[in-house]
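**Student:** Quick one: the structure is below, and I'll ask about it shortly.
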2 protein chains.
Amino acid sequence: MIKKFRSSCPIASTLDILGDKWSLLLIRDMLIKGKKTYKEFSLSDEKIATGILASRLKQLEAFGFITKRKLPDNKKENIYLLTEKGIDLAPLIVEVTLWGEKHMRVHNPRINSYDELKADKTLAINMVTENYRKVAAQIIG
Amino acid sequence: MIKKFRSSCPIASTLDILGDKWSLLLIRDMLIKGKKTYKEFSLSDEKIATGILASRLKQLEAFGFITKRKLPDNKKENIYLLTEKGIDLAPLIVEVTLWGEKHMRVHNPRINSYDELKADKTLAINMVTENYRKVAAQIIG
DNA sequence: TCATTTTACTTCTGTTTTGAAAGTAATATT
DNA sequence: AATATTACTTTCAAAACAGAAGTAAAATGA
């Protein structure tokens, strides 16, 4: 997985990897919705194509956002879990959610409210990350 | 500028518009670097292609992130300025910067430090947005 | 046990997007 | 009046994407 970076800017470098329409949604699915298998990802609301899903998982793993493992009692399913690097995207995901809720509903009226998030951003981030860590630890036993 | 949204998720809807490698960099150039003309954008460190630049500016304008105007004494240059919707991306941009600085340097060693940002996030956001508003107001007279 | 289903992909094909270069038209400068 | 600058558009090859179909191993059901 070779990757050339366009500049020395941290924003540009982040977009060099996460700057597409799917990568951050996979992180969202893991962090917020607790998804962990290929099948679960493939059933997303946004209908990701299976080829794109495979390539994104590969890239996210190559760059250390996620890990891939098998559980002892299941030789078929792969379990994808966020690393600290991936979990650290929680504040970013919260900001995107808040911005999107505030400014995108005018374009997409279907967007829901997230009042809990607005009320206490820091608390929301902590709850999401703590919850994820707990659930992940439970999965790997 | 028609656009179909993939789902009711605010993250997905935001990515439907900003989920590419260039849009957020243009916002960055305006908000942080004070760029405002086509020429200035085209001279970015990341070497955006002129066709992509034109299409992104068009989309950002169509979705109300930026406005396009001419100054009374210059019939040639167009001045692009962020709207409130665009300025509101400051917290998101700060989060991306901080995340990128923390986690991307391992992949791209050229990335610089942003200690001021880390020290006080809220202050940094306020300074950037207040500065932008002031500079923009001065430009339009 | 053996057929069926499930999971996790890969492959194929047509379409869309991107990137690099060149071209154009109006305005501004020398 | 000639040249340069600005803001694009156009062109075209290459890369990325989307949807459908196919494959192989593992798990399940009869």
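**Student:** Restricted to the range B:96-131, and to residues that are of a type in the set (A, V, I, L, M, F, W, C) and surrounded by fewer than 16 Cβ atoms within 10 Å (Cβ to Cβ), which residue is nearest to A:Thr14 (Cα to Cα)?
**Tutor:** Only one residue fits best here, namely B:Val106.
**Student:** Go through (1) without any contact (Cβ under 8 Å) to a residue 24 or more places away in the chain; (2) out of contact with any strand residue (DSSP E or B) (no Cβ under 6 Å at 6 or more places or on another chain); (3) within 16 Å of DNA strand C (Cβ to nearest atom) for B:Lys68 and report which single condition fails.
**Tutor:** (2)
**Student:** Separate question: A:Asp88 - would you say it is at pLDDT 95 or above and facing chain B (nearest Cβ under 8 Å)?
**Tutor:** Here the answer is yes, as A:Asp88 does meet what is asked.
**Student:** For B:Leu15, are the conditions met, namely being closer than 19 Å to A:Leu24 by Cβ and either within 11 Å of the chain's Cα centre (by Cα) or away from chain A (no Cβ under 13 Å) (or both)?
**Tutor:** Here the answer is no, as B:Leu15 does not meet what is asked.
**Student:** Of all residues in the range A:24-51, which are more than 14 Å from DNA strand C (Cβ to nearest atom) and part of a helix (DSSP H, G or I)?
**Tutor:** Hits for the range A:24-51 are A:Leu24, A:Leu25, A:Ile27, A:Arg28, A:Leu31.
**Student:** Please pick out the residue among B:Leu26, B:Leu82 that is within 19 Å of A:Leu24 (Cβ to Cβ), surrounded by 20 or more Cβ atoms within 10 Å (Cβ to Cβ) and either aromatic (Phe, Trp, Tyr) or within 12 Å of the chain's Cα centre (by Cα) (or both).
**Tutor:** Criteria check complete, one pass: B:Leu26.
**Student:** May I pose another question? Name the residues in the range B:52-75 that are part of a loop (DSSP other than H, G, I, E, B) and more than 14 Å from chain A (Cβ to nearest Cβ), would you?
**Tutor:** B:Lys70, B:Leu71, B:Pro72, B:Asp73, B:Asn74, B:Lys75
**Student:** Taking the condition loosely packed, with under 13 Cβ neighbours inside 10 Å and either touching a strand residue (DSSP E or B) at 6+ places or on another chain (Cβ under 8 Å) or closer than 30 Å to B:Ile79 by Cβ (or both), does B:Ile93 pass?
**Tutor:** When the stated conditions are applied, B:Ile93 does not pass them.
**Student:** Would you be able to say whether some residue in the range B:54-63 is surrounded by 13 or more Cβ atoms within 10 Å (Cβ to Cβ) and under 21 Å from A:Ser8 (Cβ atoms)?
**Tutor:** Checking the range B:54-63: not a single residue is surrounded by 13 or more Cβ atoms within 10 Å (Cβ to Cβ) and under 21 Å from A:Ser8 (Cβ atoms).
**Student:** Just wondering, is there one or more residues in the range A:22-44 that are out of contact with any helix residue (DSSP H, G or I) (no Cβ under 8 Å at 6 or more places or on another chain) and touching a residue at least 40 places away in the same chain (Cβ under 8 Å)?
**Tutor:** Among the residues of the range A:22-44, at least one is out of contact with any helix residue (DSSP H, G or I) (no Cβ under 8 Å at 6 or more places or on another chain) and touching a residue at least 40 places away in the same chain (Cβ under 8 Å), which makes the answer yes.
The values are calculated or read from the model by the stated rules, or taken from the named source; none is laboratory data. Worth saying up front: this structure is predicted, and the values here are computed from it rather than measured. We place every Cβ from the backbone using ideal geometry, glycine too, and count neighbours over all the protein chains shown.
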